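Take a look at the structure set out below.
None of the figures in this text is laboratory data; all of them are computed from the coordinates on show. Model, not experiment: these values are computed from the prediction. Cβ coordinates were reconstructed from backbone atoms using ideal geometry, including for glycine residues, and neighbour counts include every protein chain displayed.
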Amino acid sequence: MIKQSIIENVLEAALSTGGDFSEVFIEDKYVNTMELQSGKIEKSISGRDFGIGIRIFSGLQCIYTYTTDFSEAGLINAAKRAALAIKGGANGTIHPLQKEIIQPIHTITQMPRTVEHARKVAVMRKANDIAKNYDERIKQVALRYIDEEQNVLIANSEGKFVEDTRVYSRLSIQATASDGIEMQTGFYGPGAHAGFEFIENLDLNHYAGESARIAVTMLEADECPSGKFPVIIDNEFGGVIFHEACGHGLEATSVAKNNSVFANRIGEKVAPDIVTYIDDGTLPNEWGSLNVDDEGEKTRKNILIEDGILKGYLIDKFNARRMDAEATGSSRRQSYRFNPTSRMTNTYIAPGESTPEEIIASTEHGIYAKYMGGGSVNPATGDYNFSVAEAYLVKNGKIDRAVRGATLIGNGAKTLQLVDMVGDNLAHGAGMCGSISGSLPVNVGQPMIRVSEITVGGTKGE
Amino acid sequence: MTINEFQKKLLAEAVEMGFEEAEVYYKKSESFRVMIFKGEIDSYETSEEGGLGFRGLYNGKMGYAYTEKIEEASIAFLIDSAKANADVLDEDDGTDIFEGSETYTKHDFYSEELAQVPTLKKIELIKSIEEKIFAYDPRIVTLNYCMLQDFSEERVMANNKGLSLNEKQNGLIIYISAVVKDGEEMKTGSFSKMTRDFNELDPDAIAKEVAEEALSNLGEQSIPTRKYPIIMRHDASASLLAAFTPIFSAENTQKGQSLLKGKVGEKIAAETFTLLDDPSHPDAIAGSNFDGEGVATQKRAIVSNGTLETLLHNRKTAKKDGVKTTGHARKPSYKSTLTIAPLNMYIAPGNKSKEELIASMEEGVFITSLAGLHSGASTVSGDFSIAATGFHIKGGKIASAVKQMTIAGNFFDFLKDIEEVGSDLKFMPGGYGSPSLVVKELSVTVD
């Protein structure tokens, strides 16, 4: 994308004031987005993002600069200006760049840029028809298709030189149901680190059908009661609760500065024996997967919690310095505009032994969260909140009426201790995770689990 | 190739390649950001960037494309992509490119004085704030954010129908979050401020505000789960308003995605509620003299004393509803197509101070911040069920902080249930403003 000799000069200019590490991240990304509403393709936009991020370390200080000026003079100037933030010292050492050839784990068979719009639109129309025809109360279907081809080149003063291509495809379906007075929505957004083959092979009857079914079900639902209940959270996107409640607290971004309840607790029991929590960026073609992270490190399977014992954190190169630990292939950024830091990839609770039937049958009075919405966490305290997209009451071991407006709140570290059943039906769901280095594709996953008590906020009262 | 040459060539070539109308939108910006951790610079970031969005009418349909790579070869990429994107659209919806308004207000969104503040002075300011926060109280254990950021940007819009507009904007943002600990209890408190006046930033006052905000959350108590009368502090109200702004968009009413469809001229809120959008409000930082289509912006009442005066329109939705555009076309970036959004939307203030509102409440909950609005609030149904931080009010006084809670209700009911509006109007960095509001009741669930 940019000549190696220019990259070498930029890495050197970045170390001209005494920095001890420099890195160049070049990004050339093609994006296509299309939207279908009211049965019509209403929006279609294509674009190309192109820019360069330069990072310099000097001990525990991190300097980052980015630019869209790709001329050699522009890049050298940007590196020199950034280097001015470091107060003098001997020039850092540059090791000769050694090109690494990576073996891609994620096969892409149809590059989205080579697929004409008409084929993408055909899938959208089919999904639209399935959702629209699901029930006469479905009044609106909104579909959003996105594909991205992100080409990156990462080089650093330690001699690293890696190129990678990441391809993302996603179809989001939102159905709105109305009975003339009220309106409710249902959503499903499957995505993968894959090409158009992923979109073409999607089971649209399932995804579009489910989005419509959720909307109609919520239209008929009662208000959710408030109080403390055992809560059963179903598999797949249900894993978002542990993404927020524990995952963020295991990122070096908060651990390195002791801003996490999990800091300095490696080897301690933080969860019941039945809980094993893993972040794995190598799962083939999953939405959160990568060949190499945004520092050029190979992604890996990181065991965070094993049989309830805290085993590890997600660590990037910079925080590794503060923590005196090794980086874990977890450094990510939305684009060249973001200083990378430790983030999740595909994070999930490993499968247990209970069947979903057993879990429901053994719950006398509680809430069953079939599909979760989004949520957020305060990483310093671990206090989290989630909305439940589709919830039911559980009575005497059976699923009862659907309820809406359920929000779960609690504290991550405490909720983790209260997991009392883990199912055997692990599945992953795609989401976008927003944090300090931008918005990133991540998978959350889990089998069905049960938490003995969570505070459920609803509108119905106790 | 300079950006001017690029634009001219692109517009000329677009017409040659069969576009009936063509427009470019270019934005370049610079930014600086520093984060402080325990007296040291933890991170230091600078940037210089630019990108160009192109749109053009091809066979009556509007095609869009953008690039950040300003080089000769990108002209063909933009033209080919925009054509393909126009082709795939289902209908020509009557959108066209705008030749310009007759007059534009000339509000200045750029402060030369702010641009001249030396980097060192900005770093000293944020360092001194951090130091003063730690000195304020030993229960302050760490700051999980202590950041100062500034930006300047220039936008240019030009088309082959004679429109040529540009505007400069700058601003400075401070964001701080403090972590406090007392025994086993840990709480945070955050602060954000956006300004164009560096001299109004008083480190002592900011340190006090951050520290007090975090410390006040200590000593939490549980209260029974039930419905309570609510006072929603200005910043919490502004964030709730921001989350529900899509209900005012004509694009959403036309697509059956907002329950305000057909409600213009009707009472949708309490008499005390007036909602304004003022692109050049002196206290607000986000603003513009023209919207995403080049239409002159102006101050407008969206809701007056409870009556919905207008929806937010761009030229396309206005045409469909048979009204005039309200200048609310929004192009958040050269990377986006047009959407609809306000610039500086705020709830008009009343007369009573926040303290007076609290003093006149026998029992209730005073909400100071909300979390999870992106997922717990549905703009389609109006339902919300979201996490909140706040205090128990008893006998006209703050009795204690309340444990983590959720508040739930419906925004359309909320608007009708506003009983009093405070005098403490403040704007959030995102361009939404509100005073504190007294609301009849919401369901409160306490952890």
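Structure above, values below:
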{"read-out": "Debye intensity ratio I(q)/I(0), log10, chain A, q values 0.11, 0.14 Å⁻¹ (C-alpha model)", "value": "-0.92, -1.31"}
{"read-out": "Estimated dipole of segment B:210-334 in Debye, rounded to 20 [Cβ of Lys and Arg +1, of Asp and Glu -1, Cα centre]", "value": "760"}
{"read-out": "Above-threshold pairs, the threshold being 20 Å between Cα atoms, out of A:Lys139/B:Lys267; B:Lys61/B:Lys335; B:Lys8/B:Lys28", "value": "A:Lys139/B:Lys267"}
{"read-out": "Under the Karplus curve 6.51 cos²θ - 1.76 cosθ + 1.60, θ = phi - 60°, whole-Hz ³J(HN,Hα) for segment B:316-321, x wherever Gly or Pro sits", "value": "5, 5, 5, 4, 5, 8"}
{"read-out": "Angle between chain A longest axis and helix A:72-83 axis [Cα atoms, degrees, rounded to 10]", "value": "80"}
{"read-out": "Given charges at Cβ of Lys, Arg, Asp, Glu: the protein assembly as shown dipole, positive-most of B:Leu276, A:Ala215, A:Ile94", "value": "B:Leu276"}
{"read-out": "Label-point gap, in nm, between B:Asp92 and B:Glu124 - each point 7 angstrom along Cα→Cβ", "value": "6.3"}
{"read-out": "Degrees, to the nearest 10: A:4-14 long Cα axis against longest axis of chain A", "value": "90"}
{"read-out": "Ranking of B:Phe248, B:Phe427 by count of other Cβ atoms within 10 Å, fewest first", "value": "B:Phe427, B:Phe248"}
{"read-out": "Two-site FRET efficiency, B:Glu212 against A:Lys87, from Cβ-Cβ distance with R₀ of 30 Å, rounded to 0.05", "value": "0.30"}
{"read-out": "For segment B:1-62 versus segment B:342-415, the gap between their alpha-carbon centres in whole angstrom", "value": "39"}
{"read-out": "Among A:Leu408, A:Ser331, A:Ser362 - extreme Cα towards positive end, dipole of segment A:307-433, charges at beta-carbon", "value": "A:Ser331"}
{"read-out": "Using θ = phi - 60° and Karplus 6.51 cos²θ - 1.76 cosθ + 1.60, couplings along segment B:153-161 (whole Hz; Gly, Pro as x)", "value": "8, 10, 10, 10, 10, 8, 9, 8, 10"}
{"read-out": "Extended-chain gain in nm, criterion 0.36 nm per residue less alpha-carbon gap, B:Glu419 and B:Gln298", "value": "40.7 nm"}
{"read-out": "Over chain B, equivalent-ellipsoid semi-axes from the Cα gyration tensor in Å", "value": "41, 29, 18"}
{"read-out": "Cα-based Kirkwood hydrodynamic radius, segment A:121-205, one decimal, Å", "value": "15.1"}
{"read-out": "Whole-number percent relative contact order across segment A:4-220, with pairs defined as alpha carbons under 8 Å at least 6 apart", "value": "22"}
{"read-out": "Neighbour-count ranking [beta-carbon atoms within 10 angstrom, fewest first] of A:Leu416, B:Leu215", "value": "B:Leu215, A:Leu416"}
{"read-out": "Trypsin sites (Lys or Arg not before Pro) lying in DSSP loop within segment B:38-109, provided at most 10 other Cβ fall within 10 Å", "value": "B:Lys106"}
{"read-out": "Karplus (6.51, -1.76, 1.60) ³J(HN,Hα), θ = phi - 60°, over segment A:56-62, in Hz, Gly and Pro reported as x", "value": "10, 10, 9, x, 9, 10, 10"}
{"read-out": "Farthest toward positive dipole pole in the protein assembly as shown [+1 Lys/Arg, -1 Asp/Glu at C-beta], among A:Tyr313, A:Leu15, B:Asn160", "value": "B:Asn160"}
{"read-out": "Computed helical MRE - 222 nm, the protein assembly as shown, DSSP H runs ≥ 4 contributing -39500 (n - 2.57), nearest 500", "value": "-6000 deg cm²/dmol"}
{"read-out": "Unit charges on C-beta of K, R, D, E only; dipole of segment A:4-220, Debye", "value": "320"}
{"read-out": "Least to most buried among A:Asp69, B:Asp447, A:Asp273 (fewest other Cβ within 10 Å first)", "value": "A:Asp273, A:Asp69, B:Asp447"}
{"read-out": "Interchain or long-range residues, amide H under 5 Å from A:Val394's placed H", "value": "A:Gly366, A:Ile367, A:Tyr368, A:Asp400"}
{"read-out": "Extension gain (nm, one decimal) between A:Thr355 and A:Lys414, 0.36 nm per residue minus Cα-Cα", "value": "18.8 nm"}
{"read-out": "Most fluctuating residue given options B:Leu415, B:Leu89, B:Leu57, as computed from a GNM of chain B linking Cα atoms under 10 Å", "value": "B:Leu89"}
{"read-out": "Within a Gaussian network of chain B (alpha carbon springs, distance under 10 Å), most fluctuating of B:Thr103, B:Thr310, B:Thr245", "value": "B:Thr103"}
{"read-out": "Estimated dipole of chain B in Debye, rounded to 20 [Cβ of Lys and Arg +1, of Asp and Glu -1, Cα centre]", "value": "760"}
{"read-out": "Virtual paramagnetic centre 7 Å along Cα→Cβ of B:Gln221, amide N under 11 Å, in segment B:159-193", "value": "none"}
